[in-house]
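> Encoded as structure tokens, here's the structure I'll be asking about.
The values are calculated or read from the model by the stated rules, or taken from the named source; none is laboratory data. Treat the numbers as computed from the prediction; the structure is a model and nothing was measured. Glycine gets a Cβ as well: all are built from the backbone with ideal geometry, and neighbour counts include every protein chain shown. Please note that ligands, DNA and RNA were not included when accessible areas were found on the heavy atoms of the full protein model with its side chains. Shrake-Rupley method; radii C 1.70, N 1.55, O 1.52, S 1.80 Å.
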Amino acid sequence: MNKALEQQLVELLGPDSVSMTDIERRLYAHDMAPVPKILGLVWKFMPDAVVRPSSVKQLQQLMKFAHENSIPVVPRGRSTTMMGGAYPIYGGISIDMTARRGIIELDESAGTIKVKAGTYWEAVLKFLEKRGLTLYCYPTSAPSSTIGGWIGNGGVGLGKGGLGIGSSKYGYAADTVVDLGVVLPTGEYLESIEATELKAEDFIGSDGVLGIMDTITLKIHKLPARQEPFCYDFKDFDKLCSAVAEIALLKPFFLLIEDKVMLDFKKLAKLHVPMAQNLLTVILAGDDEAQFKLDIQTMGKIISAYGGQELSKEIAKEEWQGRYYAMRHKSAGPNLLGGEFCVPTSNFKESIRRVKKLGVAKNIQIAIHGTLGVNEVLVMPQVLSDERKKFRYLTMMSLVKELNDLSIKLGGIPYGVGLFNAFYAKEIHGAKLAELIRLKKSLDPRNIMNPGKATHCSTRFRITLPKFAYGMGMRGLGLFVKHGG
Amino acid sequence: MLQERLREIEHDIYTCAQCAFCTATCPVAEQKGWETYGPRGRMYLLKLILEKDIQANDQIKDRFYACTTCSRCEKVCQTDLKLIEIWEDVRSWLVEDNMGPLEVHKGIAESVAQNHNTYRESAAKRDAWAGDIKLNRKGKIAFYVGCTSSYKMQQLAQDSMKVLQSLDEDVAVLGEDEWCCGSVLLRTGQRRQIKEIVDHNVQTLKNTGAEIVVTSCTGCFKTIRDDYPPIYGNKLPFKVMHITQYLAQQIESGKLKFAKSINEKVTYHDPCHLGLHAGEYEAPRAILRAIPGLKLIEMDNIREESHCCGAGGGLKAGMPDLALAIGQVRVNEAEETGASILASCCPFCKTNLSQAIEAGHKNLVQKDITALVVEAMGLNA
Ligand SMILES: Cc1cc2nc3c(=O)[nH]c(=O)nc-3n(C[C@H](O)[C@H](O)[C@H](O)COP(=O)(O)OP(=O)(O)OC[C@H]3O[C@@H](n4cnc5c(N)ncnc54)[C@H](O)[C@@H]3O)c2cc1C
Ligand code: SF4
Ligand code: SF4
């Protein structure tokens with residue numbers, strides 16, 4: 001079967017764009033998060049083939065072929081997500097989109113830029129900045145993540161997508177997208193989704209289950225006249241949380257929270273950290289000088305009302321420059337295990353109180369990393385762990401579920417959907433889940449586009465797992481390893 | 001066994017976040033595309049080998065030799081891994097297992113063992129480049145010529161010597177006693193001869209009485225300055241400078257003066273071994289700015305973000321097509337500046353960039369900075 005598949009793919013795409021080697025396929029069978037091997041019993045992560053199409057025509061031919069033969073396909077950007085969205089669970093074809101990269105058109109008068117989906121965010125940013133322009137928002141993985149990958153990423157759900165740098169001022173990933181060029185599961189190409197009955201937002205945050213985004217048109221604007229980083233130290237983390245709720249009203253460009261435990265983790269990793277208890281970094285940006293000054297004054301008042309101390313501009317600049325390096329302390333683990341969830345800004349303080357309580361109950365140090373979103377805070381509580389200590393690692397994985405559940409109780413949601421959070425599809429996509437399922441059925445009748453993701457969670461035998469089984473599974477797996485291996 | 005050796009870097013293997021910052025900036029990954037050709041992919045392959053999911057084979061060897069050791073990956077690494085050390089260690093472990101290096105690299109090691117140079121040339125002719133230039137064996141400064149300048153790019157050796165002698169008569173060269181610095185051996189994981197080479201070169205350089213050793217090759221510079229001390233087991237008894245550092249100092253002190261203008265636009269390519277590895281971005285630029293008439297126009301990716309020429313790490317010898325393709329990316333960038341000269345200061349960069357210019361029929365000439373200095377000083381008359 002594989003020889004035949006190879007031959008057919010090579011015929012379609014040429015030999016340089018197809019790989020069937022064992023080592024290559026293994027590298028397309030994972031994302032950033034280490035997945036316990038035992039899950040290979042439930043799912044087939046290894047693709048049968050990896051392809052790197054370089055034109056939309058190739059993408060169309062490929063999808064037509066997959067559709068005719070009912071072969072699962074998984075679009076993949078750089079696989080820098082952690083939810084299992086970018087690799088197969090039923091084998092099939094992994095489509096590496098990074099050969100589709102480059103800028104197609106900059107239209108300054110319309111305030112847009114059209115790019116190929118496999119282009120890195122940072123490449124687009126650099127291109128724009130050279131011309132005095134910039135993007136509204138982008139992920140903190142900008143150096144390596146692709147435009148299509150972030151726009152595809154489930155984030156806070158269908159029609160909204162991810163949160164990133166700029167979101168606290170300008171909105172979700174979806175708020176920055178103007179149009180998409182999409183190859184549908186049947187191979188049909190829609191050059192401008194907005195010119196059809198479908199809408200761009202139908203695809204944003206859909207984890208590639210509806211089709212392949214080939215081009216993306218993003219909104220752009222002039223670099224702000226002023227942009228300045230500020231950094232504050234808070235003795236009391238509760239008060240930092242209260243300050244965040246008020247600063248959020250100023251719509252800063254970026255806001256980053258790191259608690260004392262996080263700074264301790266960094267010290268453990270021998271990183272240079274500022275002398276501080278709990279750190280708050282805020283980037284203000286704007287064109288109106290008078291408003292900018294007013295915002296600085298208001299922020300100053302909020303900070304002093306909650307007992308924060310301003311740190312030097314050098315520290316603030318370093319924190320801003322380090323914005324892409326949220327895992328720099330990873331060597332202290334060497335794994336970082338944790339959750340990623342959103343809570344309404346008003347409930348941020350309470351969520352942290354509960355996370356810390358969970359840490360006390362489990363006798364583990366949980367560090368807090370948080371960034372401000374639109375109406376929510378994206379929280380990444382994390383513990384140091386070690387995947388080589390298999391039993392402990394697996395049992396610690398149950399923490400992920402507890403954190404997710406905690407966020408839901410406070411009106412929040414787990415962040416990102418993919419495979420592992422598909423159990424929370426209802427909570428994350430909300431009312432849009434029904435729409436996603438309807439679109440999936442009509443656009444992908446053979447269920448070949450990234451099957452088993454985003455809408456529900458199923459095993460390689462296509463048995464849908466209910467959420468409670470997931471929770472049990474996380475614990476049960478630990479026991480299995482203990483007794484079995 | 002590689003699998004056992006990997007325990008030495010086990011913590012690094014598990015620390016790697018798989019964030020792909022490295023792969024997104026790697027010149028080899030840019031050309032090849034596939035994950036296995038990028039540094040993130042290679043870190044994952046090491047994990048698979050360590051966990052006995054796969055075994056080293058020819059494909060794995062190929063991936064680990066498809067690397068210029070440019071260090072871009074290390075510069076951007078999310079978790080501050082010492083990736084160059086990892087790449088070179090793994091290559092040396094492949095060599096231990098008789099899996100590495102590539103055939104052509106073996107030939108280079110044999111040549112170094114027999115002739116003390118990488119080109120199968122006669123060791124006795126190491127001074128032949130000098131022609132009429134009078135050479136000394138003692139001096140305040142020692143010029144370490146390097147294999148490429150000694151045999152293949154003799155103009156560069158002559159230019160370097162002319163400038164150095166015009167500044168200070170006391171310049172020593174080692175002649176037949178100059179052994180290949182061992183850079184290619186270290187980069188390709190062939191460490192067997194290295195201790196003997198290092199001890200020999202350090203001793204003979206010391207015997208010249210020189211306080212400063214100047215090199216015109218950035219590979220020799222990086223190797224002697226950074227790789228020698230731990231192998232030698234001590235601090236080196238002299239200071240090592242790349243010729244651009246030395247010349248920039250002489251310009252600054254007013255000792256080196258220019259007599260002519262070069263009315264051209266120039267762009268500068270940072271050699272990885274001088275820039276990314278040694279952090280020297282300024283000296284070559286200071287020279288270019290000081291030469292009357294020259295106008296320096298920078299490329300988009302410079303200094304810490306500089307792109308590799310493609311020749312390093314044994315790639316030029318091992319996978320010449322890949323090296324050339326990487327060089328062409330850099331040359332395209334140089335062309336976009338509108339400059340007529342693409343300057344650099346490393347014989348490896350010179351070879352590859354010149355070939356890339358030719359292959360792409362570009363309206364550019366590659367010139368070494370020392371050659372430009374000779375021209376502007378009027379020494380080539
Ligand atoms: C250091 C670091 C920082 C991060 N910061 C952020 C952050 O600020 N915000 C955030 O949301 N995430 C963040 N992430 C997670 C992740 O990097 C981003 O979501 C990222 O944008 C994913 O891009 P990718 O190219 O790696 O996509 P992938 O992981 O390859 O894909 C993500 C999903 O999109 C689908 N997909 C990919 N390409 C296409 C396409 N062309 N058409 C259709 N579907 C497609 C995939 O099937 C998958 O389901 C971070 C990760 C790291 C390592
Ligand atoms: S050293 Fe250069 S070529 Fe080698 S992996 Fe790193 S970035 Fe790629
Ligand atoms: S940048 Fe560093 S941490 Fe990230 S994938 Fe590469 S080696 Fe691993």
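Here is a yes/no grid of residues against (1) within 16 Å of ligand 3 (Cβ to nearest atom); (2) within 14 Å of chain A (Cβ to nearest Cβ); (3) part of a helix (DSSP H, G or I); (4) open to solvent by 40 Å² or more (accessible area, probe 1.4 Å):
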residue	(1), (2), (3), (4)
B:H273	no, no, no, no
B:L276	yes, no, no, no
B:I287	no, no, yes, no
B:G327	no, no, yes, no
B:N352	no, no, yes, no
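> Taking A:K116 and the conditions (1) open to solvent by less than 50 Å² (accessible area, probe 1.4 Å); (2) touching a Lys or Arg at 6+ places or on another chain (Cβ under 9 Å), which numbered condition does it fall short on, given that it satisfies the others?
The number of the failed condition is (1).
> Name the single residue, out of those in the stretch A:104-113 being open to solvent by 30 Å² or more (accessible area, probe 1.4 Å) and more than 12 Å from A:D214 (Cα to Cα), that is nearest to the other protein chains (Cβ to nearest Cβ).
My answer is A:L106.
> Can you list the helices (runs of 4 or more DSSP H) lying wholly within the stretch B:201-259 that have 3 or more residues being surrounded by 18 or more Cβ atoms within 10 Å (Cβ to Cβ) and touching a His at 6+ places or on another chain (Cβ under 7 Å)?
It comes to B:218-222.
> Test of understanding: among A:V18, A:V56, which residue is farther than 19 Å from A:S145 by Cα, within 12 Å of chain B (Cβ to nearest Cβ), in contact with a strand residue (DSSP E or B) (Cβ under 6 Å, 6 or more places away or on another chain) and at pLDDT 95 or above? Explain how you work it out, then say what you get.
Working: A:V56 fails: within 12 Å of chain B (Cβ to nearest Cβ).
Sole residue among the options that is farther than 19 Å from A:S145 by Cα, within 12 Å of chain B (Cβ to nearest Cβ), in contact with a strand residue (DSSP E or B) (Cβ under 6 Å, 6 or more places away or on another chain) and at pLDDT 95 or above: A:V18.
> Which one is farthest from ligand 3 (Cβ to nearest atom), of the residues in the stretch A:321-335 that are open to solvent by 10 Å² or more (accessible area, probe 1.4 Å) and more than 16 Å from the chain's Cα centre (by Cα)?
Across the stretch A:321-335, the extreme among qualifying residues is A:Q321.
> When you go through B:E85, B:E103 one by one, which is the residue that is open to solvent by 10 Å² or more (accessible area, probe 1.4 Å), within 13 Å of ligand 2 (Cβ to nearest atom) and away from chain A (no Cβ under 14 Å)?
Only one candidate qualifies: B:E85.
> For B:K52, state whether it is out of contact with any strand residue (DSSP E or B) (no Cβ under 9 Å at 6 or more places or on another chain), within 16 Å of ligand 2 (Cβ to nearest atom) and either open to solvent by 20 Å² or more (accessible area, probe 1.4 Å) or touching a residue at least 24 places away in the same chain (Cβ under 8 Å) (or both).
Criteria not met by B:K52.
> When you look at A:I23, is it within 16 Å of ligand 1 (Cβ to nearest atom) and either crowded, with 17+ Cβ neighbours inside 10 Å or not in a helix (DSSP H, G or I) (or both), yes or no?
It is false that A:I23 is within 16 Å of ligand 1 (Cβ to nearest atom) and either crowded, with 17+ Cβ neighbours inside 10 Å or not in a helix (DSSP H, G or I) (or both).
> Name the pairs: first residue in the stretch B:61-73 and away from chain A (no Cβ under 11 Å), second residue of a type in the set (S, T, Y) and open to solvent by 10 Å² or more (accessible area, probe 1.4 Å), Cβ to Cβ under 8 Å, at least 6 apart or on different chains?
B:A66/B:Y37; B:R72/B:T25; B:C73/B:T25
> Is there a residue being touching a residue at least 60 places away in the same chain (Cβ under 8 Å), more than 12 Å from the chain's Cα centre (by Cα) and within 16 Å of ligand 2 (Cβ to nearest atom) anywhere in the stretch A:153-164?
Looking through the stretch A:153-164, none of the residues is touching a residue at least 60 places away in the same chain (Cβ under 8 Å), more than 12 Å from the chain's Cα centre (by Cα) and within 16 Å of ligand 2 (Cβ to nearest atom).
> Could you list, in sequence order, all residues of the stretch A:85-141 that are assigned to a strand (DSSP E or B), of a type in the set (D, E) and touching a residue at least 60 places away in the same chain (Cβ under 8 Å)?
Selection gives A:D96 alone.
> Of all residues in the stretch A:142-158, count the ones that are in contact with a Leu (Cβ under 9 Å, 6 or more places away or on another chain) and either of a type in the set (D, E) or in a loop (DSSP other than H, G, I, E, B) (or both).
5
> Sticking with this structure for a sec: B:Q155 is checked against (1) more than 27 Å from B:R187 (Cβ to Cβ); (2) open to solvent by 60 Å² or more (accessible area, probe 1.4 Å); (3) not in a loop (DSSP other than H, G, I, E, B) and fails just one. What number does that condition carry?
All conditions are met except number (1).
> Name the residue that is nearest to ligand 3 (Cβ to nearest atom), counting only residues in the stretch B:310-325 that are among the hydrophobic types (A, V, I, L, M, F, W, C), away from every other protein chain (no Cβ under 14 Å) and in contact (Cβ under 8 Å) with a residue 60 or more places away in the chain. So that I can check it myself, show each step before the final result.
Filtering the stretch B:310-325 down to residues among the hydrophobic types (A, V, I, L, M, F, W, C) leaves B:311, B:315, B:317, B:319, B:322-325.
Those left that are additionally away from every other protein chain (no Cβ under 14 Å): B:311, B:315, B:317, B:319, B:323-324.
Pick out the ones that are also in contact (Cβ under 8 Å) with a residue 60 or more places away in the chain and you get B:311, B:315, B:317, B:319, B:323.
Working: B:A311: 23, B:L315: 19, B:A317: 26, B:M319: 21, B:A323: 22 Å.
That would be B:L315.
> Looking at the stretch A:306-329, I want the residues that are more than 14 Å from chain B (Cβ to nearest Cβ) and have a partner that is open to solvent by 80 Å² or more (accessible area, probe 1.4 Å) with Cβ atoms under 6 Å, at least 6 apart or on another chain. Which pairs are those?
A:Y306/A:K239; A:G307/A:K239
> I would also like to ask the following. Go through the stretch B:128-143 and give me each residue that's at pLDDT below 95 and of a type in the set (S, T, N, Q).
Within the stretch B:128-143, no residue meets the criteria.
> Considering only residues of the stretch B:16-40 that are more than 9 Å from ligand 3 (Cβ to nearest atom) and small (G, A, S), which is farthest from the other protein chains (Cβ to nearest Cβ)?
Among residues in the stretch B:16-40 that are more than 9 Å from ligand 3 (Cβ to nearest atom) and small (G, A, S), the one farthest from the other protein chains (Cβ to nearest Cβ) is B:A29.
> Right, something else. Six or more apart or on different chains, Cβ under 6 Å: which pairs go from a residue in the stretch B:196-207 that's over 13 Å from B:D227 (Cβ atoms) to one that's assigned to a helix (DSSP H, G or I)? Could you list them?
As it stands, the answer is B:T204/B:D177, since those pairs meet every condition given.
> Additional query: If I ask for residues that are of a type in the set (A, V, I, L, M), part of a helix (DSSP H, G or I) and touching a residue at least 24 places away in the same chain (Cβ under 8 Å), which ones from the stretch A:165-196 would you list?
Result: A:A173, A:A174.
> Looking at (1) near ligand 2 (Cβ under 9 Å from one of its atoms); (2) more than 8 Å from every other protein chain (Cβ to nearest Cβ), which one does B:R5 not meet, given that it meets all the others?
Going through the list (1) near ligand 2 (Cβ under 9 Å from one of its atoms); (2) more than 8 Å from every other protein chain (Cβ to nearest Cβ), B:R5 breaks only (1).
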